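Taken together, the values in this text are just the output of simple stated rules run on the coordinates, not laboratory data. These numbers were taken from a predicted model, which means no experiment stands behind them. Don't worry about glycine lacking a Cβ; one is built from the backbone with ideal geometry, like all the others, and counts go over all protein chains shown.
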Amino acid sequence: GQGVIVLLHDINLALRFATRVVALKQGKISFSGDHSILLDSKKLSALYGTDITLIDHPSRDEKVAVVC
């Protein structure tokens, strides 16, 4: 198999297309694993240091992270 490494600042884009995510906070790895595990309001809020909630995307069967 082959892989591609992509650097993104848009968590929704990363979670939509990636199967594995490595998230950095202050230059250190704060999460590494399957994207579905990171798709959690508490984990995302801790990562970004602000309240984040997950809502249903209006036209796709997926969740979207939004800042509260």
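Brief remarks on what is shown
- Subset of segment 25-51 [more than 11 Å from the chain's Cα centre (by Cα), within 21 Å of Val67 (Cβ to Cβ) and in a strand (DSSP E or B)]: Lys25, Ser30
- Residues that are among the hydrophobic types (A, V, I, L, M, F, W, C) and surrounded by 12 or more Cβ atoms within 10 Å (Cβ to Cβ) within segment 53-65 comprise Leu54, Val64, Ala65, listed in sequence order.
- Arg20 being without any contact (Cβ under 8 Å) to a residue 60 or more places away in the chain, touching an Asp or Glu at 6+ places or on another chain (Cβ under 7 Å) and within 19 Å of Leu54 (Cβ to Cβ): no
- For segment 30-48, a residue qualifies if it is in contact with a Lys or Arg (Cβ under 8 Å, 6 or more places away or on another chain) and touching a residue at least 24 places away in the same chain (Cβ under 8 Å), and the qualifying residues are Leu39, Leu47.
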